[in-house]
Each structure stands twice: as structure tokens, then as C-alpha cells.
Amino acid sequence: MLVTLGLLAAGEAAVRGTGWLDFPLFVADARVGYAPAPDQAGHWRLRSDWQFNGLGMAGPAFAPSATTPNLLLLGEGGVLGWRHPRSTDRLGPQLARASRQAVWSMSAPGWTLRNQLAWLRRHPEVVDQVDRVVLVVGSGDFVEARSWACDLTHPLQRPVLGLWYLLRQQLTDPAGCGETPSALRVPPGDWQADLRAWAAEQPPAMRKLSVFLYPNRQESQLTAALAQNLERQAGAIARAAGRPVPVYSVGRDVRWQPLLYRDNLLPTEAGTAVLAAVMASPGAAGWRLQP
């Protein structure tokens, strides 16, 4: 028994000492769904540094630049990219360098367009202080908002027993996290209605808005699927916004290739660099979609 306890204690110390539990925490509610918790930083597995400011944005404190344009970037896991070993290799910093703008990133794994819009409506003061608002959306994002599900995918606090937590992560299907508590469940809705509501609440924001349609790996290989699943949304976005909105198709840029994916959705580090370059020169290859 003592030997077993000793081994467990040693294992617990090892996973904590090597940074396996040093991951971002989240906050959850019934409006945005979930978002990175504010004011936190760390080094996951002692190699992937990450930082979130007081608004839950990736990076330092929100302090808009007075000398360069300010861009607010929203999306899901590909925008967050927190498992890239260096924070400077993630989409926000890469886009800042490529476009010579100050880029402020707000994202969370699994976010849909409705989650993004809910965050924008909650923070009109942020939108007021930036020059551009850029949404990165995929074909799977034109659906209901994602609600918080469980601590195994979006932890709200540090686990008491690290070994048990990591074991549960390995053995539990994320789809089997269980029912979202009613107090944290985002009510059903429609992204077009949410976009119209945001336009009514903050009309100047629509003049700042642009959208990048980001394909998954399969869509990047199949032009017909790309057109069906993504590009048909261009007109719907403009109609919901009540004005023309620049909508760009990443998949139509010749620089974007299937080999730039880590899995079916997330880009590799090299893919993130290419995506930043594509977004920094929208329309250069003639792939802007007309609303």
C-alpha cells in the first residue's frame, strides 16, 4: 500500500512538474457560452507559452495602438492556436507582423459564429476602439452557439488530482461529457438574427466588419464542397448585416494547400503563417467574394 501511494505521489508530482496541468482555464455562462478566463498565463508541458489578458484575449493587456491600425480578430481553435510552442507563432502575432497592424485575438476552441457575435455584443467598448473586426469562420460555424460541456474539454478550475484528470481525458469521449447545466446553456437562436441585432446595437461596427471563410482539409481539396459549404454564406452575411460586407475565401488562394493542416481543421505552424499572409493581402489573388 505504501509503495502504491508513493508511486501515485511521484506520478502526481511528475505531471505537475512537467506542466501537463498548466493549461488555460475558462469561464462559462449562458450568453457567450464559454471563453478563456481573464488574467492568466502559463507554459503547457513546459514548452507552449500562453497568456490571456483581463478581457480573455490572447496576449497582453488591451491597449489599442495610437500609431498603427487596430484589428480585432475572432475565431475558434485555429485562431487561438495555444498549443503552438511559441505564442509568437499563433495567428494573431503572425497577422500583426504580416499586416503591420496591432492585432487583438479573441477565440476559444469550438466557438461558432454565434459565440463570436455574443462576445462582440457583450463588449461594444472593444469594438469602438478598433479599426477593423475580422471574423474567421468555417462551414461548421453557421450553427447554434456552443455551450460549456465539461471540465475535460474546457476546465473551469485546476484539477485536484492531476493523474486522475489526465486519465479521464484519455478515456472519455468529449461527446460524452454529459448535459450542460441549465444555468450555463445558451438559448437556441440564429446567427443571422444575432448579426442583425449587433448591427442595430452598434451600426458603426458594420463598417469595420470583414469575414474570412476558412475551409477544412476536405473542403480545401474539393472545390464543389467548398462552394457549397462556405461560399453560399457570403450573401447571407451581407443580407443579415444590412450592408455589403467584405467576405474572402481562403480556400481560393493559391497559397493555401491541404498539407497545411494538422488534422481536418486546425492549421500547422507553417499553415498558420500562410493563413496570416493570405489574410494580410485579401483580394490580391482575386478571391474576394461579392456579397
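The values are calculated or read from the model by the stated rules, or taken from the named source; none is laboratory data. What you see is a predicted model; the values in this text were computed from it and never measured. Don't worry about glycine lacking a Cβ; one is built from the backbone with ideal geometry, like all the others, and counts go over all protein chains shown.
Taken over region 38-63, residues that are at pLDDT 95 or above and of a type in the set (Asp, Glu) amount to 1. Within region 162-180, if we keep just the residues that are surrounded by fewer than 12 Cβ atoms within 10 Å (Cβ to Cβ) and not acidic (Asp, Glu), the residue that is farthest from Ser139 (Cα to Cα) turns out to be Leu167. Taking region 78-132 as the region of interest, the helices (runs of 4 or more DSSP H) fully inside it that hold 3 or more residues being in contact with a helix residue (DSSP H, G or I) (Cβ under 7 Å, 6 or more places away or on another chain) and within 19 Å of Met206 (Cβ to Cβ) are 113-122. Looking across region 22-47 at every residue that is on the phi > 0 side of the Ramachandran plot and assigned to a loop (DSSP other than H, G, I, E, B), the one that is surrounded by the most Cβ atoms within 10 Å (Cβ to Cβ) is identified as Arg45.
Cβ separations smaller than 8 Å between residues 6+ apart or across chains give the following pairs from region 93-108 residues that are free of Cβ contacts under 8 Å to residues at least 40 places away in the same chain to residues that are buried (at least 19 other Cβ atoms within 10 Å of the Cβ) and assigned to a helix (DSSP H, G or I): Gln101/Leu95; Ala102/Ala96; Val103/Gly92; Val103/Pro93; Val103/Leu95; Val103/Ala96. Confirm whether Pro60 is assigned to a loop (DSSP other than H, G, I, E, B), in contact (Cβ under 8 Å) with a residue 24 or more places away in the chain and more than 12 Å from the chain's Cα centre (by Cα). Here the answer is no, as Pro60 does not meet what is asked.
Close Cβ contacts (under 8 Å, 6 or more residues apart or on different chains) running from residues in region 27-48 that are within 18 Å of Leu117 (Cβ to Cβ) to residues that are among the aromatic types (Phe, Trp, Tyr) and in a loop (DSSP other than H, G, I, E, B) comprise Ala28/Trp148; Gly33/Trp111; Gly33/Trp148; Tyr34/Trp148. Pairing residues of region 177-193 that are touching a residue at least 12 places away in the same chain (Cβ under 8 Å) with residues that are part of a loop (DSSP other than H, G, I, E, B) and loosely packed, with under 10 Cβ neighbours inside 10 Å, at Cβ distances under 9 Å and at least 6 apart in sequence or on separate chains, gives Arg185/Glu179.
Name the residue, out of Ala28, Ala102, Ala66, Ala96, that is at pLDDT 80 or above, more than 15 Å from the chain's Cα centre (by Cα) and under 19 Å from Arg121 (Cα atoms). From the options Ala28, Ala102, Ala66, Ala96, the qualifying one is Ala28. Within region 186-216, the set of residues being among the small types (Gly, Ala, Ser) and closer than 16 Å to Val130 by Cβ comprises Ala205, Ser210.
Does region 48-66 contain at least one residue that is crowded, with 23+ Cβ neighbours inside 10 Å, under 21 Å from Asn264 (Cα atoms) and in contact with a Ser or Thr (Cβ under 6 Å, 6 or more places away or on another chain)? Checked against the condition, which is being crowded, with 23+ Cβ neighbours inside 10 Å, under 21 Å from Asn264 (Cα atoms) and in contact with a Ser or Thr (Cβ under 6 Å, 6 or more places away or on another chain), region 48-66 yields no hits at all. Residues that are of a type in the set (Phe, Trp, Tyr) and in contact (Cβ under 8 Å) with a residue 12 or more places away in the chain do not occur anywhere in region 151-164. Being surrounded by 17 or more Cβ atoms within 10 Å (Cβ to Cβ) and more than 17 Å from Leu21 (Cα to Cα) is the filter here; which residues of region 142-161 pass it? Result: Phe142, Ala145, Arg146, Ser147, Trp148, Ala149.
When the test is whether a residue is within 26 Å of Ala183 (Cβ to Cβ) and either surrounded by fewer than 17 Cβ atoms within 10 Å (Cβ to Cβ) or within 12 Å of the chain's Cα centre (by Cα) (or both), Arg122 passes it.
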